[in-house]
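Take a look at the structure set out below.
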Amino acid sequence: MQGFSNSILSTLAVIFVIILGIFFTLIISKLLSKTILKGVPSSFVLELPPYRKPQFGKILIRSIFDRTLFVLGRAICVAAPAGLIIWLFANIGINNSSLLDLIANFLNPFANLMGLDGYILTAFILGIPANEIVLPIILMCYLGSNSLINIEDTFSISQILISHGWTILTAINVMLFTILHYPCATTLLTIKKETRSWKWTFLSFLLPTICGILVCMFTNLIYHIII
């Protein structure tokens, strides 16, 4: 019965996070359209081009070179230096503490205000190349490993997280910050390429991050008031 109750609670928590993410997306889009993205109203005109027979070879080549290779190239340019930085932070130590530990301890007071811990916040910062590596970085920090860890067994992962102080609040805030924090580096580089502006790229980084921090702090405050 307890396992069933935990499953229901976990399901409700995930649904709550998803609905909250959709809500913030709509609210922020509305605010931006009324403020800095407000433009001159214009009429919508749909003009159909003349029909031409598709040239599959040209479409395939343009798709590969203009999209796939571009994204892969950006990902490699970001992932390679990031992987080196993560490895250095995990293997370089000062006074028997790795740089990861020192950074996590420094960030821990601020992370606690968000209902997280220093290692989680450090993982999000180092995980800017790809959100998929945030959890492996967290596991690497918790287990004291010198390289990224990929554990397939979800039960083992849950035991590791629980043993390091994770609660339902921690899980909810990690999900919230995952949804609301800055885009990955490849997305930011794509925004820079499309807008040709560092201003919009920086805004794309800053706005969701601030929202994620404030929402996590609010959730943490409400949780401790109720509990």
Residue within the range 146-162 that is at pLDDT below 85 and in a helix (DSSP H, G or I) present: yes
2 or more residues modelled with pLDDT under 70 and under 21 Å from Phe124 (Cβ atoms): qualifying helices (runs of 4 or more DSSP H) within the range 1-92: 69-91
Per-region count, the range 85-131, residues on the phi > 0 side of the Ramachandran plot and open to solvent by 60 Å² or more (accessible area, probe 1.4 Å): 2
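The values are calculated or read from the model by the stated rules, or taken from the named source; none is laboratory data. What you see is a predicted model; the values in this text were computed from it and never measured. Cβ sites come from the backbone with ideal geometry, for glycine too, and all protein chains shown count toward neighbours. All accessible areas refer to the heavy atoms of the entire protein, side chains included, with ligands and DNA or RNA removed. Shrake-Rupley method; radii C 1.70, N 1.55, O 1.52, S 1.80 Å.
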